[in-house]
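Asks: Quick one: this structure, given as structure tokens, is what I'll be asking you about.
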Amino acid sequence: VVPRAEPSSQRSNSPSMLPKSRRLTRHTFPKDHREGFVAHSEHISLRFTPKMPKQSRFSAVIAKKVASGSPDRHTWKRRIYEIVETLEKQGSFPVGAYVFFAKKDAHKRSYKVLMEEVKDLLRQTAKR
């Protein structure tokens with residue numbers, strides 16, 4: 001007999017994902033990237049555009065060239081959103097649109113490596 005999983009409302013240490021209201025949609029996705037800047041790390045690039053009213057929004061783009069399987073792409077999106085939410089609770093970032101792009105072989109890296117790279121990219125954003 002397989003034990004039944006607890007409902008998500010009863011889990012205390014479960015990872016949480018960035019709320020949908022904080023994610024970029026197709027309509028809010030920045031079309032003009034001339035304003036802002038791009039920061040790079042070994043496995044991720046971050047494009048930051050400062051034009052956003054009130055609060056920051058985030059997006060993760062994982063191309064099929066990077067991870068061909070849909071489950072891999074969605075796992076990486078969820079990981080990035082979880083990391084962003086965790087880091088945002090710890091400190092504040094400039095208001096804007098943040099778009100993370102995964103590079104080739106990024107999906108083969110560990111969660112710790114991803115966390116450090118996202119932290120570094122967000123630090124670079126805060127310095128500008």
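The values are calculated or read from the model by the stated rules, or taken from the named source; none is laboratory data. None of the values given here were measured: they were computed from a predicted structure. Backbone-built Cβ (ideal geometry, glycine too); neighbour counts: all protein chains shown. Ligands, DNA and RNA are excluded from the accessible area calculation, which covers all protein heavy atoms including side chains. Shrake-Rupley method; radii C 1.70, N 1.55, O 1.52, S 1.80 Å.
Asks: What is the Cα centroid distance between segment 42-67 and segment 81-123, reported in whole angstrom?
Replies: Segment 42-67 and segment 81-123 have Cα centres spaced 9 Å from each other.
Asks: Just grab the label-to-label distance for GLU116 and PHE93, each label 7 Å out from Cα along the Cβ direction, in nm (one decimal).
Replies: Those two pseudo-labels are separated by 2.0 nm.
Asks: Can you match mean projected area of the Cα convex hull in nm² to one of these, [x] 12.7; [y] 7.6; [z] 9.7, based on a calculation from the structure here?
Replies: Checked against the structure: label [z].
Asks: Based on Cβ point charges of +1 for Lys and Arg and -1 for Asp and Glu, what charge dipole magnitude is obtained for segment 62-128 about its Cα centre, in debye rounded to the nearest 20?
Replies: The dipole of segment 62-128 has a size of about 240 debye.
Asks: Give the angle, between 0 and 90 degrees and rounded to the nearest 10, that separates the Cα long axis of helix 70-90 from the longest principal axis of the Cα atoms of the chain.
Replies: 70
Asks: Given the options PHE29, PHE101, PHE48, which has the most mean-square fluctuation in a GNM of the chain, springs set between C-alpha atoms less than 10 angstrom apart?
Replies: PHE29
Asks: Can you send over the solvent-accessible area of ARG123, 1.4 Å probe, protein chains only, in Å² to the nearest 10?
Replies: Surface open to solvent at ARG123 totals about 120 Å².
Asks: Kindly express, to the nearest 10 degrees and within the range 0 to 90, the angle between helix 111-127's C-alpha long axis and the longest C-alpha principal axis of the chain.
Replies: Roughly 30 degrees, rounded to the nearest 10.
Asks: Kindly provide the helix-only [θ] at 222 nm of the chain, computed as the sum of -39,500 (n - 2.57) over DSSP H runs of four or more divided by all residues, to the nearest 500 deg cm²/dmol?
Replies: After summing the helix terms and dividing by residue count, I get -10000 deg cm²/dmol.
Asks: Accessible area of the chain with a 1.4 Å probe: how many percent of it is carbon plus sulfur?
Replies: 51
Asks: Quick check: pseudo-label points 7 Å beyond the Cα along Cα→Cβ at THR28 and GLU85, how many nm apart are they?
Replies: About 1.5 nm separates the two model spin labels.
Asks: Can you tally the net charge around THR86? Count Lys and Arg as +1, Asp and Glu as -1, for every other residue whose Cβ sits under 11 Å from the Cβ of THR86.
Replies: In short, 0.
Asks: Probe radius 1.4 Å, ligands and nucleic acids left out: which of SER68, SER41 has the largest accessible area, and how do the rest follow?
Replies: Greatest to least solvent exposure: SER68, SER41.
Asks: Using the basic label-point model (7 angstrom from Cα toward the beta carbon), what is the ARG109 to SER68 distance in nanometres?
Replies: My value for the distance between the label points is 2.2 nm.
Asks: Which order do LYS119, LYS20 take when ranked by solvent-accessible area (1.4 Å probe, heavy atoms of all protein chains), largest first?
Replies: LYS20, LYS119
Asks: If you count the DSSP beta bridges with both ends in the chain, what percent of them are antiparallel, to the nearest 5?
Replies: Of those bridges, close to 60 percent are antiparallel.
Asks: So what is the accessible area of the chain per residue, in Å², with the probe set to 1.4 Å?
Replies: 66
Asks: Moving on. So which residue, out of GLU35, GLU82, GLU117, gets the largest mean-square fluctuation from a GNM of the chain using Cα contacts under 10 Å as springs?
Replies: Maximum among the listed residues: GLU35.
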